[in-house]
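A short reminder: the numbers here are calculations on the coordinates, not readings from a lab. Note that the structure is a prediction, hence the values are computed from the model and not measured. Ideal geometry is used to build each Cβ from the backbone, glycine not excepted, and the neighbour counts take in all protein chains shown.
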Amino acid sequence: MKVAVFSTKPYDQKFLEAANEGTNHELFFLEARLDGTTSPLAAGCPVVCAFVNDQVTKASLVTLAKQGTKLVALRSAGFNHVDLEAAAELGLKVVRVPAYSPYAVAEHAVALMLCLNRKIHRAFNRVREGNFALDGLMGFDFHAKTVGVVGTGKIGYLVARIMKGFGCQLLVYDPYVNPDCEALGAKYVYLPELLAASDVISLHCPLMPQTHHLINETTVKQMKHGAMLINTSRGALIDTVAAIEGLKSGKIGYLGLDVYEEEADLFFEDLSQKVIHDDVFARLLMFPNVVVTGHQAFFTQTALESIAKTTIENITAFEQGQPLVNEVSFSKVKK
Ligand code: NAD
């Protein structure tokens, strides 16, 4: 099938081409991000392949549908950037990659925790300048600390499991109990209790209307003073302005972000020669106790191979009229 692959980076092309060997879909790689203005680039392609910051909005979908697109194949697990209602109205199917390597994201969340605690980002710069003084680099033992995991699905469970290995106490919050998490000895509590008792809080729930700005002015106040907050899930789980106020007051002692609510205009591009116009983001970068990575938690070889393989399988299943096991539909999500 003809597939327009939006937001292509060289690594996407490499892994998709490898996964497509023997299947031979016609892949058209486009650097452009999908939105209402770039959707005409997919003319003649029954399949459009999109990533996390593509705008799979009603405007984009209307043009795609008019041009004959029938399937949107997401190269991501998250689908908060897709107007599923519009897709259903227009008769477009949407498929995703529900799991590729939860280990990649869980391990990155823990990397942010370790970096912030032991101030690796600061030590790296100091040592390169010949400054071997330790003042300001003191950390704490994770052992016996309380880690709060919000969302105990595939990634949240693994974070809990890794932190259990460090000897941490585990508090977790999720509307659905994961028995594997309970088997680790994790205690399910409501969010305010988790926030009040956790030394480290790691977010692993999806972005939905119910979780938008889950961390806000009110919930920051519920946190333990000086707690560490980690978000590798989706940027808009955190009200960034409230987080900045929390950092200024010391309520948030450490902030590790792999995602940011306005990341679409920043992440995945080299902007090192440009002025950053987002003052909220620029303020975040000024704190010594904030580490930001540019949505790279998924970025391991294992994960990229798996994303490409499942994406090609999803497209082949659609072509052959097989059941779309990875379909995400408005009717299912509404339930
Ligand atoms: P998952 O579906 O396995 O788990 C999500 C969990 O969140 C589920 O157990 C669900 O019950 C729970 N949940 C739903 N609503 C909740 C709420 N209101 N409060 C608390 N928990 C709630 O998903 P996953 O594979 O573990 O992925 C989690 C998130 O990680 C994804 O939604 C995605 O946004 C993000 N992600 C980020 C990257 C990255 O590179 N940074 C990569 C992959 C996934």
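Numbers at a glance
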item	result
Backbone N within the stretch 54-81 under 14 Å of label point (7 Å from K2 Cα along the Cβ vector)	64-71
Gyration tensor (alpha-carbon) shape descriptor, the chain, a/c threshold 1.5	prolate
Lysine pairs within the stretch 199-332, Cα separation less than 30 Å, 8 or more sequence positions apart or different chains	6
Relative contact order (percent, whole number), the chain, Cα cutoff 8 Å, 6+ residue spacing	17
Cα centroid separation, the stretch 251-313 to the stretch 1-39 (Å)	22
Degrees between helix 154-165 axis and first principal axis of the chain (Cα, 0 to 90, nearest 10)	30
Inter-site label distance for E245 and V189 at 7 Å from Cα along Cβ, in nm	2.4
Computed lengthening from K164 to K14, 0.36 nm per intervening residue step minus Cα-Cα distance	50.3 nm
Degrees separating the helix 102-118 axis from the principal Cα axis of the chain, which is the longest one	30
Whole-Å semi-axes of the stretch 199-331's equivalent ellipsoid (Cα gyration tensor)	33, 19, 13
Cα centroid separation - the stretch 164-232 against the stretch 40-85, whole Å	33
